[in-house]
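A short worksheet on the structure shown next.
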């Protein structure tokens, strides 16, 4: 009987855990790239960066991930300076180390290098435990005609939704 009580207390604790809070999403990436696979990873940040992220001051527009010396780095992500940090502030566009396991780095880095794919951050969020996570996508660039096809599908869906609402 004690075992069932522990299980129910664990599920109750998970139910009370606060939900994931989205900080930023790279919506342009879904238009520019075909996403083949995705992976969740941690990110090494300094205190002022975390505080700025909690305020939602992040831009992923020109960001990408690069593999250097067996480590993955997030390049081009713009985390705005935190006003209250004064002289201990961070550089907004500095490269930030992504925290991945060796086998994940090997798998994704090999695929990206071998097939000419790109590692693109899709979204950044804060977990219920307060950890900042990045969802990386293994992406292939779309051709112009693929982008046009995506736009046509979005327009058709929007027209159908409008027609359904009018009824």
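Nothing in this text is a laboratory measurement; each read-out follows from the coordinates by a stated rule. Model, not experiment: these values are computed from the prediction. Heads up, the Cβs are rebuilt from the backbone with ideal geometry, glycines too, and the neighbour counts pull from every protein chain shown.
Grab the DSSP H runs of the chain that are 4 residues or longer, score each as -39,500 (n - 2.57), total them, divide by all residues and round the 222 nm result to the nearest 500 deg cm²/dmol. Don't jump to the answer; show the numbers that get you there.
Details: 5 runs with 66 residues, N = 167.
When only DSSP H runs of four or more count, the value is -12500 deg cm²/dmol.
Return 49, 62, 114, 104 ranked ascending by Cβ neighbour count within 10 Å, so the fewest neighbours appear first. If you can, show how the numbers build up before the last one.
Details: 49 26, 62 12, 114 8, 104 16.
Ascending Cβ contact count within 10 Å gives the list 114, 62, 104, 49.
So how much slack lies between residue 103 and residue 158, counting 0.36 nm per residue of separation and subtracting their Cα-Cα distance, in nm? All intermediate terms of the calculation are to be shown ahead of the outcome.
Details: separation 55, 0.36 × 55 = 19.80 nm, distance 4.19 nm.
Between residue 103 and residue 158, full extension yields 15.6 nm more.
Rounded, prolate or oblate for segment 92-153? Axes are the square roots of the Cα gyration tensor eigenvalues, ordered a ≥ b ≥ c, and the cut-off for rounded is a/c under 1.5. Spell out each step's value before the answer.
Details: a/c = 2.37, a/b = 1.42, b/c = 1.66.
Taking the square roots of the gyration eigenvalues as a ≥ b ≥ c, segment 92-153 is oblate.
Would you order 88, 73 from fewest to most other beta-carbon atoms within 10 Å of each residue's own beta-carbon?
Details: 88 10, 73 17.
Arranged by neighbour count, lowest to highest, 88, 73 become 88, 73.
With volume of the Cα convex hull per residue in Å³ in mind, check (i) 171; (ii) 110; (iii) 201 and report the label derived from this structure.
The listed entry that was calculated here is (iii).
Within segment 36-62, what residues put their amide N at less than 19 Å from the label point 7 Å along the Cα-to-Cβ vector of residue 21?
From segment 36-62, the list is 42-60.
Is segment 59-140 best put as rounded, prolate or oblate by its Cα gyration tensor, with a ≥ b ≥ c the root eigenvalues, rounded for a/c under 1.5, and otherwise prolate when a/b is larger than b/c, oblate when not?
Working: a/c = 2.07, a/b = 1.82, b/c = 1.14.
It is prolate, given that a/c is not under 1.5 and a/b is the larger ratio.
Using Cβ contacts closer than 10 Å as the measure, can you line up 134, 75, 20 from fewest to most?
Numbers: 134 26, 75 16, 20 13.
Starting with the residue having the fewest Cβ neighbours, the order is 20, 75, 134.
Report the extension gain between residue 91 and residue 131 in nm, rounded to one decimal, defined as 0.36 nm multiplied by the number of residues separating them, less their alpha carbon distance. Intermediate values should be presented prior to the final figure.
Numbers: separation 40, 0.36 × 40 = 14.40 nm, distance 2.07 nm.
Separation in residues times 0.36 nm, less the Cα-Cα distance, equals 12.3 nm.
Return the FRET efficiency for the residue pair residue 142, residue 55: r is the Cβ-Cβ distance, R0 is 25 Å, and the value is rounded to the nearest 0.05.
Details: r = 33 Å, r/R0 = 1.31.
The value I calculate is 0.15.
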